[in-house]
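Data block below; observations after.
The numbers here are math on the coordinates, done by the rules we state, and not lab data. Predicted, not measured: the structure shown is a model, and the values here were computed from it. So basically every Cβ, Gly included, is an ideal-geometry build from the backbone, and we count neighbours across all protein chains shown.
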Amino acid sequence: RDSKVHQNLLEDHSFINYKQNVENLKIVKERLNNRPLTYAEKILYSHLDNPQEQDIERGVSYLKLRPDRVACQDATAQMAILQFMSAGLPEVAKPVTVHCDHLIQAQIGGEKDLKRAIDINKEVYDFLTTATAKYNMGFWGPGSGIIHQIVLENYAFPGALIIGTDSHTPNAGGLGQLAIGVGGADAVDVMADLPWELKAPKILGVKLTGKMNGWTSPKDIILKLAGITTVKGGTGKIVEYFGPGVDTFSATGMGTICNMGAEIGATTSVFPFNKSMVDYLKATRRGEIADFAQLYQKDFLSADKGCEYDEIVELDLTTLEPYVNGPFTPDLATPISKMKDVAVASGWPLDIRVGLIGSCTNSSYEDMSRSASIIKDAASHGLKAKTIFTVTPGSEQIRATIERDGQLQTFKEFGGIVLANACGPCIGQWDRQDIKKGEKNTIVSSYNRNFTSRNDGNPQTHAFVASPELVTAFAIAGDLRFNPITDKLKDKDGNEFLLKPPFGNGLPEDGYDPGEDTYTAPPADRAAVAVSIAPTSERLQVLKAFEPWNGKDALDMPILIKALGKTTTDHISMAGPWLKYRGHLENISNNYMIGAINAENKKANSIRNVYTGEYKGVPDTARDYRDQGIKWVVIGDENFGEGSSREHAALEPRFLGGFAIITRSFARIHETNLKKQGLLPLNFKNPADYDKINPDDRIDIVGLDKLAPGVDVTMKVHPKDGQVWEAPLTHTFNSEQIEWFKSGSALNKIKKDRTG
Ligand code: F3S
């Protein structure tokens, strides 16, 4: 148990820390009077920054944690790395990998699409290649595969805590670890050696009994669960699977289930360490980790007997049916036996236009083998795909292995298009040509999300998610009413036949073929590496450190905008076409608050410059103020900044010269992000004061030299006509965060601490 085992085969500097984990756990257990712990609790508490003193109450305390590693996809990595660079540290504090998977558009097929993407995204890839080399991160280039598949194949190990800048990071729960999706700001914390904060999740236990059979596959477990819990049912919770059913299927199947826990809003999902994980670790050349984990199975890598879950859902796998979820939401779950009636009654387009298998959710060897078995059966009756059929291998390793073992050829003979090892249509990177925009149609995929317009940008596309097996059967039948368990197909001579239930190996008999080498390790000598960012670039820009606070109260500030009603991170920093500027703060700041509604005229992106009287867009006015050295505030309503954890929503107001954001209340992540960027998120102590403020009032915030945890701040309001009045403002700054404000940002503070 004392051996030093590497976390993976690619890094020589990262080790598995079970011994430390168990020691931490011992301390926590004593403090909790030896109450039995769930498996998820064990992983979390064994990664506490300070196990001796940390408050631990599920659903209440904020845990400070030390994750084992960080994974970033290429879209979110850009700003995370730019921020990290601005701290001036020589290298990342924890192992980090970057994966190029989101920027590759599916057009005609894998190889050509990949070439085009490398060309179009050259400056982003060059930046990521050089920055990862400079700061000691692993780099997975375009064509290597989808982040979550690469993590499962190479980096995930039982008992680990990892964070990833992508919502489907929980996929790695299939190897018995807690893998949590976060925003770039959280990733930067871990890269810079700050503890990472998470509200102690509640635990939703899912008890699995029985064994799947026939057409049912692991995907159906999560599709069924989504129907039970709805898209919000997992919020603030970890889903922990237990019961005899967990030992009846593959580790990659568990990965699929954990992946889609994101669709019910769960913090993450996890399976306890078991035999299928040992088999998968061995198949991916990590037998040493499997052996090491087995030594810790009893006291660390399993739930304690008698542990308590906050809620329990029970599912019997023996009677579980295949499900089809959608359209437009992943929790609208219909069992295949009812699909015919529901589809007709709902008026969904019955003719299926495209079947898409693969993605990070469902591209394991098992998924591919089982789908290929259905196609071979259909081919033996002379049938091919009736719909367009696409295959997205999750990684180069999967692609090479199914090429060697023949499944890829089977897909091609069926009429399938093999796309690049990347996200492709799953993230809307799909140049779809078979229909016109606005045409009502149905597609079926083995992906995880099916929100309106997600795959092809067409709001009239009815997207359904199902297992890859069912998607393949649908591609053969071409009809949403088809139930392969009961409905016969006609062969080429008109004779009726029933498709055979799918079958296939969970792991390749001849081992995995790694395919082309797409990984680049950071060089030993990194001093000479120059990070590539062209000063003329529109997509990337070096981040300049923000100015520290000048030590004075802020007086006579204009209100940039008094926002009316709901203001989400999408209103604050819109996505869509703006995503290409994620690495360029100046350009992306042109979307600041353009979706928010101005209380004065009830319009979006139309505000009055209080000095000139001219109406302009929010970013333009903010920039005008900033260029004249005028600080400004924003007034907001309840739960300001809810939605995604997008750090741009906090970077932009700081970049444009904002000083304070004053609201009735904040969404917590956004509030923390604002603090990290050196802004003052403040709350009206008396919520009614929100109504008393007029958009043309001027604001003083005074007594800032006495800013202290738990002590109110005073705001003086100068109405255009009328008496000055005062309002108390509350805040949630702790003493460390106050230093962030004073230093100008959290990263400035780190830099100051390191460089003295
Ligand atoms: Fe990529 Fe879709 Fe997964 S965007 S990471 S394949 S959910």
Using unit Cβ charges (K, R positive; D, E negative) and no other charged atoms, how large, in debye to the nearest 20, is the dipole of the stretch 323-497 about its Cα centre? 340
Using +1 at the Cβ of each Lys and Arg and -1 at the Cβ of each Asp and Glu in the chain, identify which of 656, 506, 358 lies farthest towards the dipole's positive end. 656
Taking the Cα centre of each part, how many Å lie between the stretch 506-522 and the stretch 245-320? 23
Per DSSP H run of n ≥ 4, the term is -39500 (n - 2.57); total these for the chain, divide by its residue number, and report the mean residue ellipticity at 222 nm rounded to 500 deg cm²/dmol. -8500 deg cm²/dmol
When 549, 740 are arranged by how many other beta-carbons sit within 10 Å of their Cβ, fewest first, they go 549, 740
With a cut-off of at most 14 other beta carbons within 10 Å, and DSSP calling the residue loop, which GluC sites (Glu not before Pro) in the stretch 470-527 qualify? Please list them. 509, 516
Once both axes come from the Cα atoms, what is the angle between helix 122-134 and the longest principal axis of the chain, in degrees from 0 to 90, rounded to 10? 80
With 10 angstrom as the radius, rank 292, 328, 271 by how many other C-beta atoms surround their C-beta, starting from the fewest. 328, 292, 271
Antiparallel versus total DSSP beta bridges in the chain: what percent is that, nearest 5? 40
Can you list the trypsin sites (Lys or Arg not before Pro) in the stretch 709-753 that are in a DSSP coil and have 15 or fewer other beta carbons within 10 angstrom? 720
How many angstrom separate the Cα center of the stretch 390-439 from the Cα center of the stretch 576-627? 40
Radius 9 Å from Cβ of residue 636, net charge of other residues (Lys, Arg +1; Asp, Glu -1): 0
Identify, among 88, 265, 21, the residue whose Cα sits farthest towards the positive end of the charge dipole of the chain, taking +1 on the Cβ of Lys and Arg and -1 on the Cβ of Asp and Glu, with the dipole about the Cα centre. 265
Would you mind checking 338/376; 675/716; 412/440; 376/490; 544/751 for any pair whose Cα atoms are more than 19 angstrom apart? 338/376; 675/716; 412/440
Quote to one decimal, in nm, the extra length available between residue 56 and residue 33 on full extension: 0.36 nm per residue of separation minus the C-alpha distance between them. 7.1 nm
Between helix 396-405 and the chain: long-axis angle, C-alpha atoms, 0 to 90°, nearest 10: 10
Any idea how far the Cα center of the stretch 61-79 sits from the one of the stretch 23-51, in Å? 22
Suppose a student asked you for the relative contact order of the chain, using Cα pairs under 8 Å spaced at least 6 residues apart; what percent would you report? 13
Unit charges at the beta carbon, dipole of the chain: most positive-side option, 519, 714, 243: 714
Is there a quick way to get the dipole size of the chain? I mean about its Cα centre, with the Cβ of Lys and Arg at +1 and of Asp and Glu at -1; what is the value in debye to the nearest 20? 600
Percent of Cα-Cα distances greater than 23 Å, calculated over the stretch 368-517: 39
So if I place +1 on the C-beta of Lys and Arg and -1 on the C-beta of Asp and Glu, and nothing else carries charge, what would the dipole magnitude of the stretch 291-366 be about its Cα centre? I want it in debye, nearest 20. 460
Trypsin sites (Lys or Arg not before Pro) restricted to DSSP loop in the stretch 393-502 with at most 12 other C-beta within 10 Å: 436, 437, 488, 492
Provide Rg over Rh for the chain; use the alpha carbon set for both Rg and the Kirkwood Rh (inverse mean inverse pair distance). 0.98
How do 603, 202, 305, 675 rank when sorted from fewest to most other Cβ atoms within 10 Å of their own Cβ? 305, 603, 202, 675
Set the Förster distance to 60 Å, then compute FRET efficiency between residue 688 and residue 379 from the Cβ-Cβ distance, nearest 0.05. 0.25
If we count every other residue with Cβ under 12 angstrom of residue 308's Cβ, Lys/Arg +1 and Asp/Glu -1, where does the sum land? -1
R0 = 30 Å: FRET efficiency of residue 516 with residue 275, Cβ-based, nearest 0.05? 0.40
